Amino acid sequence: MQARRGILIILSSPSGAGKSTLAQRLIAWDETLSFSVSATTRSPREGEVEGREYYFRSRDQFEAMVTGGEMLEHAEVFDNLYGSPKAPVEDAIRVGRDVIFDIDWQGGQQVRNSALAEDVVSIFILPPSIHELENRLKSRGQDSDAVIASRMQKSRDEISHWAEYDYCLINRDIDAAEAELKAILTAERLKRSRQPGLIDLVRDLNAEFEERDT
């Protein structure tokens with residue numbers, strides 16, 4: 001049976017709304033999923049490993065990748081460059097593997113406007129309130145008060161792009177949001193257009209009818 005093409009699953013949200021946690025849970029649920037590892041010019045945080053969380057590159061190296069057409073999408077966020085190398089994504093979807101993108105709305109727009117647009121399923125994660133969003137950022141303990149303030153200021157612009165996405169989830173409870181995300185992926189995989197073997201199956205079913213009639 002012909003393998004279906006993979007799905008490009010875009011997850012976007014303001015910082016602190018839960019997209020990274022949901023992406024990790026989705027991969028834990030289905031090990032056939034792969035995570036699109038981004039390149040970035042920011043410094044590694046404690047515990048981050050080259051090639052696992054990010055490909056850490058200098059600004060000159062990153063800009064050379066963009067100039068060479070090696071990026072599917074890229075953007076500058078909080079004075080650092082982020083982007084998705086194109087080749088591993090194209091290879092994955094060609095052989096039917098689904099790929100998760102944990103990217104912002106700018107990257108999402110670029111992927112949806114790329115040659116791979118037909119393979120995209122985009123999902124925006126909203127917080128239940130701005131107060132809760134700020135609490136989650138503070139509870140992570142990763143950023144200074146100044147960085148948190150900057151992220152909160154930027155969140156308004158990020159949230160304004162929610163209507164550009166195919167689906168919108170409100171992360172009131174991480175377990176409930178995870179269940180909804182799994183339901184979306186299951187339904188998208190079952191779309192008629194993503195089941196290339198259906199034509200042959202229906203042809204075989206009709207042949208069985210004809211045999212019964214003879």
Tell me the label-point distance for the pair A28, C168, using the 7 Å Cα-to-Cβ offset, in nm and rounded to one decimal.
2.9 nm
Stretched out fully, how many nm does the piece from R4 to I130 gain, at 0.36 nm a residue minus the Cα gap?
41.4 nm
For R59 and F78, compute 0.36 nm times the residue count separating them, minus their Cα-Cα distance, and round to one decimal in nm.
5.5 nm
Quick one: length gained pulling F209 to E180 fully straight, 0.36 nm per residue minus the C-alpha distance?
6.5 nm
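Apply the a/c threshold of 1.5 to the C-alpha gyration tensor of region 31-75 and tell me whether it is rounded, prolate or oblate.
Values: a/c = 2.94, a/b = 1.25, b/c = 2.36.
Oblate is the answer for region 31-75, as a/c is 1.5 or above yet b/c matches or exceeds a/b.
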Measure nothing fancy, just the Cα-based angle from helix 198-213's long axis to the longest principal axis of the chain, in degrees from 0 to 90, nearest 10.
20 degrees
Using a/c under 1.5 as the rounded threshold, could you call region 17-99 rounded, prolate or oblate? The axes a ≥ b ≥ c are square roots of the C-alpha gyration tensor eigenvalues, and prolate needs a/b larger than b/c, oblate otherwise.
oblate
Relative to the longest principal axis of the chain, what angle (0 to 90°, nearest 10) does the C-alpha long axis of helix 19-29 take?
40 degrees
Compute the long axis of helix 130-140 from its Cα atoms, compare it with the longest principal axis of the Cα atoms of the chain, and write down the angle in degrees, 0 to 90, nearest 10.
80 degrees
What lysines could a cross-link reach from K138, if we take a straight Cα to Cα line under 22 Å and drop same-chain neighbours fewer than 8 places away?
K19, K154
Most mobile of G83, G47, G16 per a Gaussian network model of the chain (Cα springs, under 10 Å)?
G47
Does region 49-176 come out rounded, prolate or oblate by the C-alpha gyration tensor, with a ≥ b ≥ c the root eigenvalues, rounded set by a/c under 1.5 and, if not, prolate when a/b is larger than b/c and oblate if not?
oblate
Could you work out how far the C-alpha centroid of region 1-53 sits from that of region 119-173, in angstrom?
17 Å
Which entry in (1) 0.97; (2) 1.05; (3) 0.94 is this structure's computed Rg/Rh (Cα atoms, Kirkwood Rh)?
(2)
For K86, the lysines lying under 21 Å Cα to Cα, once residues fewer than eight places off in the same chain are dropped, come out as none
Could you name the lysines whose alpha carbon sits less than 21 Å from that of K191, not counting residues in the same chain fewer than 8 places away?
K182
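Values quoted throughout were computed directly from the atomic coordinates according to the rules given, and no laboratory measurement underlies them. Since this is a predicted model, take the numbers as computed values, not measurements. Please note: Cβ atoms are built from the backbone with ideal geometry, for glycine as well, and neighbour counts cover all protein chains shown.
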